[in-house]
Each structure stands twice: as C-alpha cells, then as structure tokens.
C-alpha cells in the first residue's frame, strides 16, 4: 500500500490539494497527473460537500461547481481507480463526516484502501469524536489525519501523541484561503509536536507563494497548498492542468 509516510521520506514535502470535479472529472484526472509529475509528494483530493465549513470562498465555490456538474463520490472513486494505474504519489481524501457517514463508513473506507488512498482528513470531526471513523480506518490500514489549530493549545500534545500519517497544522484562525501574512507562532506548535511524536507535520491554510512555502517548510516537515491551486483550476478550466503543474513545480523547487 502507498502510505502517507512515503511522502515525507525525501526531505520537505509539498502537499497539493484539489477539488475533484472542478471543472470536471476528466480535467481533475489530468491535474492529478501533472501535480504528481511536477513534484508533489502528497495529493489531497477534496470530495465536494454542500456545506464545506472549513473552506473559504475559493474552495466553497469549487465545491458548488463540482456538485452542480453532477459529481458524486462513486464517480470520484471511478476516476481515482483509473488514475492510480499511472500515478503512484501518496494520496488522501479530504471531505466532511457527512459524506463518509451517508455513504457508509466501512464501504467508503474499504474502497479507499482498495485504490491505495493512504488516509482521510475530516476537518469537521473534533479529535475527541474521531473514534467513529478511526476504528474502521485502522481496520483497513488508512491513517485518519489529525488537525492542530492555533486554538488547540494544551490539546496539541494529546493530539500529537495519537497522530497518524501526518499532522495537519492549521496556520490561521478561520477558513482556507490565500493570506498575505501568517502570524501564528508555528515554531511553538511544531516544537510541542516534536516533543510528543515522530509523526511528520505540514502547515496549511494561507500558503500560496514560493516565499511562504520556503519559510514554513523550514519550520515544519512540509507545506500544504489548496486555494491557490483551486483558483488556477477555476481560472483556466480545461486548460488548467499544465498551469497547475508549472505552479506546483515552482512551489516544490522553493522548498527543496
């Protein structure tokens, strides 16, 4: 099985997020191939949901466009099964608890395992309520990825001790989106994580430029970029794969 840990084996990891089905699933498949080809170490595949509470306007809009275009979880699974024949980069699904719950957690997670999806990110599930999905993930060898936010404070050590795959450090309060500056003390969060686990950590929410990527990769084990990539998909539509590939290469080069 292709594991999340593989993404962090060779230096700093670049994690790329895309919304599946925006502008369509055929283009998503090409974007995945370009992202992989241009150096992404881990690919987060967003399964659209009608109420994506962690997302800012860019990714919210992508969710709405994908759903309006008729994207379903089963269609995404079919696309990933095809892409997996060519792309061996570690992948995770990022979605919301209701998507997994309504599909049937065991059915959803077992299919993820069958297509070499290494883990699951559910931003609306608090650490204290993860058991409903965590047991099934363990049964099928998936990592249920934990998020740590600036407000986690005394909970950081507790979350870190049980973390699997990698730890997603949320850089800023609020929702996803490009930010001019990030003022959170990432160094302190990373130090607490390091004191409690060997599980790698990556910083996301707000990173969009090579300069930002380089800065935060120096602090953590990797960086996560979503909104900037999703915006390129919106801007260029079916012509987006090559544009996104070029962007990913510039970001990966910055953190090498």
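Read-outs: derived from the displayed coordinates by stated rules, not from any lab. As the structure is a computational prediction, the values presented were derived from the model and not from experiment.
Data for the structure
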item	result
GNM result for the chain, Cα springs below 10 Å: residue of 128, 211, 106 fluctuating most strongly	128
Stokes-Einstein D for the stretch 76-207, Kirkwood Rh over Cα pairs, 37 °C, 0.692 mPa s (µm²/s)	209 µm²/s
The stretch 135-256 shape via C-alpha gyration tensor axes, a/c threshold 1.5	prolate
Ratio Rg/Rh, restricted to the stretch 30-113 and using Cα atoms, in which Rh is the Kirkwood radius	0.96
Residue of 19, 28, 192 that the Gaussian network model of the chain assigns the largest fluctuation, springs spanning Cα pairs under 10 Å	192
Computed Rg/Rh of the chain, alpha carbon atoms with Kirkwood Rh	0.92
The stretch 90-141 - convex hull of the alpha-carbon atoms, volume per residue in Å³	69 Å³
